Amino acid sequence: MTQRIPLIAGNWKMHGDRARARALLDALKPLSPAQGEVAVCVPYPYLELAQAVLGGSAVAWGAQNVAEWEEGAHTGEVAASMLAEFGCGYVIVGHSERRREASEDDACIARKLAQAIRLDIKPILCIGETLAQRQAGSTHAVLQAQLHGALALLDSTALTRLSIAYEPVWAIGQGQAATPAMVGDVITALRAMFGEAGASVRLLYGGSVSAANCGDFAALAGLDGLLVGGASLRGDEFTAICQRFCTRREGRSLPA
Ligand code: 13P
């Protein structure tokens, strides 16, 4: 039986300022769920602050993006080696906002994943369907195609460091999460796609997660954590999500 440690990750996106970042990091620093990992993915300029405040705590930090190249003339890009210098444990790759706003395609995302793995930074790969794709009944096919493209450059050892966040595009920032039944259906399909080779891959859900609904997701077999956007910007709410998810999850039997 493969034991996967739960992961609750916050995605601050492009919110806040230095003072708010400091206050939030201070609030999260004591977090230490007995049975799980907690990470916050902050804007690049606050990585040094995250390292200073969270260093030595049980809370990891990371970035929301990484360059697809090792180094060179790429104005405005940030290399995986630079993230490593600031102690990043995690990096979000392929978020739907970047797929849409920065035109990231699966081939680009595959190169970004390879860069993160090369520097030993654990990637959180985001996949998810649009509302039109769900309504057309193509959710599983879309997710399979995204996975196939994104994982093209990774070998099986890299899978042990990979987390995948199922983030339906239509549930992000809407205050209306996917239902546990929908998430459960996708998680079952993803586990089947990976099979035994991917038994160590952590599967997360993201999209309007709150302290109120996180317990429902913790009960889902095969789901290992959450990627939290808006609710990760409030220390008390994010703390409650971490504690509730990990406590509820401990109460259920872990699937292989
Ligand atoms: P919200 O939790 O604000 O819906 O954002 C989800 C998300 O995009 C996390 O990456």
Aspartates and glutamates whose Cα lies under 13 Å from that of K29, excluding same-chain neighbours fewer than 8 positions away: E37, D236
Viscosity 1.306 mPa s, 10 °C: Kirkwood-radius Stokes-Einstein D of segment 138-256 over Cα pairs, µm²/s: 107
Rg/Rg_globular for segment 63-212, with Rg_globular taken as 2.2 N^0.38 Å and Rg from C-alpha atoms: 1.03
Globularity index of segment 79-141, i.e. its alpha-carbon radius of gyration over 2.2 N^0.38 Å: 1.30
Ratio Rg/Rh, restricted to the chain and using Cα atoms, in which Rh is the Kirkwood radius: 0.93
Inter-part distance where segment 172-197 and segment 89-129 are each reduced to a Cα centre, Å: 19
q = 0.17, 0.27, 0.30 Å⁻¹, segment 53-114: log10 I(q)/I(0) [Debye, one scatterer per Cα]: -0.61, -1.19, -1.33
Protection proxy ranking of 162-171, 237-246, 43-52, 105-114 - average other beta-carbon atoms within 10 Å, highest first: 162-171, 237-246, 105-114, 43-52
Contour minus Cα-Cα distance for R20 and T188 (0.36 nm per residue): 56.6 nm
Stretchable slack from S200 to A145, in nm (0.36 nm times residue separation minus alpha-carbon distance): 17.8 nm
Ranked packing of 142-150, 124-132, most packed first, by mean Cβ within 10 Å: 124-132, 142-150
For segment 17-152, projected area of the alpha-carbon convex hull averaged over all directions, nm²: 9.8
Tail beyond 14 Å, pair distance distribution of segment 25-67 (Cα, percent): 43
Charge dipole (debye, nearest 20) of the chain; +1 at Cβ of Lys and Arg, -1 at Cβ of Asp and Glu: 540
For segment 190-233, fraction of C-alpha pairs farther apart than 14 Å, in %: 51
Within the chain, helix-based [θ] at 222 nm, where runs of 4 or more DSSP H residues each add -39,500 (n - 2.57), nearest 500: -11000 deg cm²/dmol
Cα-only Debye scattering, segment 121-186: base-10 log of I(q)/I(0) at q = 0.13, 0.20, 0.26, 0.27 Å⁻¹: -0.40, -0.86, -1.19, -1.24
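Each reported figure results from applying straightforward, stated rules to the coordinates on display, with no laboratory input. Because the structure is predicted, anything quoted here is derived from the model rather than measured. Using ideal geometry, Cβ is built from the backbone for each residue, glycine included, and neighbour counts are taken over all protein chains shown.
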